[in-house]
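Asks: Please find one structure pasted underneath; my questions will follow.
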Amino acid sequence: MERSDGILRMLKTNYAYSQDDGTDFSWRAVLTILSESSEEQINRISQNNREVLKYLITDKSNRNSVINIVSNARENARAVQDNVTKELWQCLNDYYHLIRSNDLENAIQYDDPISVIDELIKRGLYYYGTTEITLARDGGYYFINLEERRKSTPYEVAQYFCHYVFENFKYIKGITSVETTVDEIWKLKSGVCQDFAHILLVMLRRVGIPARYVSGYICPNQNGMRGEGATHAWVETFIPDYGWLGLDPTNNCIVQSNHVRLAIGRNFVDVSPVKGTYKGTAHHKLEVKVIISYENDPIPQEKVKKRLLLIHSLKATLINGLKRCRKCSSNDEYLR
């Protein structure tokens, strides 16, 4: 929508200049910048004001025309219609039907083109105002404003999206599985580190920033981080003049020295830590627990309890063995 507003304002300025200029005015530069027209087509219409305006505003064969931009914006909004307000959808829909009407094209051809352009610019202003006033600062708002994010550097966009995932998605274990789709995660607005990484991947790729999935572990620290004690996941995004930068949306941070990378891929399927086929009854359940600590850290209580249970078990086995041994002349001989 920002692009359509820029095109309309450029057309208004150039048309007004064409009316004031005493010499022959050419639209060649405008057509070269705003369209993918062939040299032959540019030569054919560059001297005809109204033909140029129709081509750049209402011609569907020109993929950069205002009508195609508004149509694409409407389809994008339709994809997230559950997340945008009724007022915003109505505003965009009205703009779409106006620019598709035959009356608009006839007005460009036979009436005052400046009045037509002003009306379209006004519709764009309605759209911006409706977005700011009615749309909650959630998924729909950020989706609608993706184009604004394109003006930032890839690093700024990546940081912005990482923060958005951290702030708007709840870290809840057990609510998703490896079969949960990105669309389902978006609706739930919750999940674990693998889900957060997949959402960030989609957002970065949506604006053309290369990104890849990373599987690994987090070494615990004094402050504690979400994702400790199990396999962890984050994203690496490619930053020009820097390279691959790790971003952890689960903890809203740049990947640090306590992130241990095991594998990288397009998504979780590429780097699944365990793959195989289970054979057995359907009632079995696999449980995995990972404990990571620094070399000089005290042994976790869980490990201490397991070792004590093992010692008691071995001691009981030894005593029972001594009691059953009737052939031994003495305990000392048995022990030898």
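The values are calculated or read from the model by the stated rules, or taken from the named source; none is laboratory data. Predicted, not measured: the structure shown is a model, and the values here were computed from it. Reconstructed Cβ throughout: ideal geometry from the backbone, glycine too, with neighbour counts over all protein chains shown.
Asks: Have a look at Thr180, Thr176, Thr237 and point out the one that is within 19 Å of Ala158 (Cβ to Cβ) and either among the aliphatic types (A, V, I, L, M) or not in a helix (DSSP H, G or I) (or both).
Replies: Among Thr180, Thr176, Thr237, only Thr237 is within 19 Å of Ala158 (Cβ to Cβ) and either among the aliphatic types (A, V, I, L, M) or not in a helix (DSSP H, G or I) (or both).
Asks: I would also like to ask the following. Between residues in segment 1-28 that are of a type outside the set (S, T, N, Q) and residues that are at pLDDT below 85 and surrounded by fewer than 15 Cβ atoms within 10 Å (Cβ to Cβ), which pairs lie under 6 Å by C-beta distance while being six or more apart or on different chains?
Replies: Glu2/Glu147
Asks: Now for a separate question. Looking at (1) over 29 Å from the mean Cα position of the chain (by Cα); (2) over 17 Å from Leu8 (Cβ atoms), which is the one condition that is false for Ala79?
Replies: In the conditions (1) over 29 Å from the mean Cα position of the chain (by Cα); (2) over 17 Å from Leu8 (Cβ atoms), Ala79 misses (1) alone.
Asks: I need a count of the residues in segment 1-51 that are assigned to a loop (DSSP other than H, G, I, E, B), within 37 Å of the chain's Cα centre (by Cα) and surrounded by 12 or more Cβ atoms within 10 Å (Cβ to Cβ).
Replies: Keep residues of segment 1-51 that are assigned to a loop (DSSP other than H, G, I, E, B), which gives 1, 21-27, 35-38, 46-48.
Applying the additional criterion that residues be within 37 Å of the chain's Cα centre (by Cα) yields 1, 35-38.
Still in the running and surrounded by 12 or more Cβ atoms within 10 Å (Cβ to Cβ): 1, 35, 37.
Matching residues across segment 1-51 total 3.
Asks: Applying the selection to segment 177-218, what residues are farther than 30 Å from Pro240 by Cβ and of a type outside the set (A, V, I, L, M)?
Replies: Once the filter is applied, which keeps residues that are farther than 30 Å from Pro240 by Cβ and of a type outside the set (A, V, I, L, M), segment 177-218 yields Ser177, Glu179, Thr180, Thr181, Asp183, Glu184, Lys187, Lys189, Ser190, Gly191.
Asks: So, in segment 247-269, how many residues would count as being more than 15 Å from the chain's Cα centre (by Cα) and either in a strand (DSSP E or B) or under 18 Å from Arg205 (Cα atoms) (or both)? Write out each step before concluding.
Replies: So the first thing to find is which residues in segment 247-269 are more than 15 Å from the chain's Cα centre (by Cα), and the list is 251, 253-265, 268-269.
Going one step further and asking which of them are either in a strand (DSSP E or B) or under 18 Å from Arg205 (Cα atoms) (or both), we end up with 253-254, 259-265, 268-269.
The number of residues fulfilling the criteria is 11.
Asks: For Ser61, indicate whether it is of a type in the set (S, T, N, Q) and exposed (fewer than 11 other Cβ atoms within 10 Å of the Cβ). Full working, then the answer.
Replies: Values: of a type in the set (S, T, N, Q): yes; exposed (fewer than 11 other Cβ atoms within 10 Å of the Cβ): yes.
When the stated conditions are applied, Ser61 passes them.
Asks: Quick one: would you say Leu120 is in a helix (DSSP H, G or I), under 20 Å from Arg9 (Cβ atoms) and at pLDDT 90 or above? Let's see the steps before the verdict.
Replies: Values: in a helix (DSSP H, G or I): yes; under 20 Å from Arg9 (Cβ atoms): yes; at pLDDT 90 or above: yes.
For Leu120, the condition - in a helix (DSSP H, G or I), under 20 Å from Arg9 (Cβ atoms) and at pLDDT 90 or above - is met.
Asks: Let me ask you something else. Name the single residue that is surrounded by the fewest Cβ atoms within 10 Å (Cβ to Cβ) among those in segment 263-294 being modelled with pLDDT of 70 or more and aliphatic (A, V, I, L, M).
Replies: Within segment 263-294, the match that is surrounded by the fewest Cβ atoms within 10 Å (Cβ to Cβ) is Ala282.
Asks: Can you name every residue in segment 93-117 that is outside any helix (DSSP H, G or I) and more than 16 Å from Ser71 (Cβ to Cβ)?
Replies: Passing the criteria: Asp111, Asp112.
Asks: Does Tyr171 count as in contact (Cβ under 8 Å) with a residue 60 or more places away in the chain and over 12 Å from the mean Cα position of the chain (by Cα)?
Replies: Taking the combined requirement at face value, the residue satisfies it.
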